[in-house]
1. Out of the residues in the stretch 7-46 that are assigned to a loop (DSSP other than H, G, I, E, B) and more than 13 Å from the ligand (Cβ to nearest atom), state the one that is surrounded by the fewest Cβ atoms within 10 Å (Cβ to Cβ).
2. Residue 127 - would you say it is in a strand (DSSP E or B), in contact (Cβ under 8 Å) with a residue 60 or more places away in the chain and within 13 Å of the ligand (Cβ to nearest atom)?
3. Do we find a residue being in contact with a helix residue (DSSP H, G or I) (Cβ under 6 Å, 6 or more places away or on another chain) and at pLDDT 95 or above anywhere in the stretch 202-209?
4. Give the residues of the stretch 149-182 that are farther than 13 Å from residue 224 by Cβ and part of a loop (DSSP other than H, G, I, E, B), sorted by residue number.
5. Taking the stated definitions as given, is residue 54 in a strand (DSSP E or B), within 11 Å of the ligand (Cβ to nearest atom), under 18 Å from the mean Cα position of the chain (by Cα) and surrounded by 16 or more Cβ atoms within 10 Å (Cβ to Cβ)?
6. If I filter the stretch 218-228 for residues that are part of a loop (DSSP other than H, G, I, E, B) and out of contact with any helix residue (DSSP H, G or I) (no Cβ under 7 Å at 6 or more places or on another chain), do I get at least one hit?
7. In this structure, is residue 269 farther than 23 Å from residue 174 by Cα, under 18 Å from the mean Cα position of the chain (by Cα), touching a residue at least 24 places away in the same chain (Cβ under 8 Å) and not in a loop (DSSP other than H, G, I, E, B)?
Ligand SMILES: NC(=O)c1ccc[n+]([C@@H]2O[C@H](COP(=O)([O-])OP(=O)(O)OC[C@H]3O[C@@H](n4cnc5c(N)ncnc54)[C@H](OP(=O)(O)O)[C@@H]3O)[C@@H](O)[C@H]2O)c1
């Protein structure tokens with residue numbers, strides 16, 4: 001299979017490359033080699049490489065910064081997604097795109113399914129919802145995986161931030177009234193690969209995330225419990241606070257839990273066992289740090 005991967009230096013992009021089946025041929029593009037907002041460049045690359053699938057791991061992911069960079073967020077998460085989906089359709093390739101739990105307002109009390117109505121509160125969520133709609137408009141067979149709270153051994157993420165802060169401070173306050181599903185980027189990458197391999201091409205929107213919802217405070221607790229196995233690690237005192245005590249430029253959904261039954265039933269793909277993955281990621285990160 002021939003894959004054009006965009007955003008190959010991000011968390012998902014790197015994890016995808018790490019797991020590539022040996023017989024797949026990939027062009028791993030990053031923002032320097034393929035700016036996805038450049039429609040002509042995207043189409044040229046698709047025409048010359050003739051991929052079987054375009055996997056879009058590129059995105060504008062700065063949730064708070066998006067509030068003041070609205071145009072940039074919409075260009076990368078909206079217009080550029082249209083460029084990729086349209087190019088994929090032109091060269092008769094599949095298009096696989098990643099979206100987010102932040103398309104929901106989080107005011108619900110039960111897990112969101114693919115049939116739940118999106119209603120994003122912040123600019124990032126709105127731009128990602130625009131990307132979903134534009135992908136499906138340009139290429140109705142697009143496959144969109146909505147995921148949440150992504151972490152890995154790469155890039156910037158909550159696990160790395162907590163470990164860094166633990167090294168700097170003896171006490172940390174973390175929000176305890178926002179609930180979501182941590183997801184290991186490696187499991188997300190594997191889900192994309194498994195779906196690309198499936199003979200009946202899945203299309204439309206699927207939810208894929210971690211199996212056990214937690215608050216950010218509980219996520220931090222789990223990170224420190226895991227890191228505590230390393231004798232050189234100093235566990236900070238952790239305090240639970242509410243959202244009001246930690247204001248951010250972008251509003252966050254209080255409850256953005258995703259229901260992953262569709263992907264499990266239709267494709268046999270289990271949710272990310274994020275606690276298992278966390279063990280490996282924390283071990284790797286704390287070993288690097290000491
Ligand atoms: N991270 C999360 O917690 C989370 C949660 C829910 C959903 N998601 C979604 O999951 C997907 C993967 O996220 P991630 O955490 O792997 O993202 P990430 O680590 O932030 O990586 C995104 C990549 O996109 C690249 N990029 C940005 N603008 C680009 C452009 N114009 N042209 C080409 N590449 C560009 C960035 O390159 P540069 O750094 O060089 O700009 C970066 O390497 C995204 O669709 C994201 O919205 C993420």
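1. Ranking the qualifying residues of the stretch 7-46, first place goes to 22.
2. no
3. Yes, there is a match, as at least one residue in the stretch 202-209 is in contact with a helix residue (DSSP H, G or I) (Cβ under 6 Å, 6 or more places away or on another chain) and at pLDDT 95 or above.
4. Of everything in the stretch 149-182, those that are farther than 13 Å from residue 224 by Cβ and part of a loop (DSSP other than H, G, I, E, B) turn out to be 149, 152, 153, 154, 155, 156, 157, 176, 177, 178, 181, 182.
5. Answer is no for this residue.
6. Within the stretch 218-228 (the criterion being part of a loop (DSSP other than H, G, I, E, B) and out of contact with any helix residue (DSSP H, G or I) (no Cβ under 7 Å at 6 or more places or on another chain)), the answer is yes, since at least one residue qualifies.
7. Considered against the rule, which asks whether it is farther than 23 Å from residue 174 by Cα, under 18 Å from the mean Cα position of the chain (by Cα), touching a residue at least 24 places away in the same chain (Cβ under 8 Å) and not in a loop (DSSP other than H, G, I, E, B), residue 269 comes out as no.
The values are calculated or read from the model by the stated rules, or taken from the named source; none is laboratory data. The structure displayed is predicted, hence computed values, not measured ones. Glycine gets a Cβ as well: all are built from the backbone with ideal geometry, and neighbour counts include every protein chain shown.
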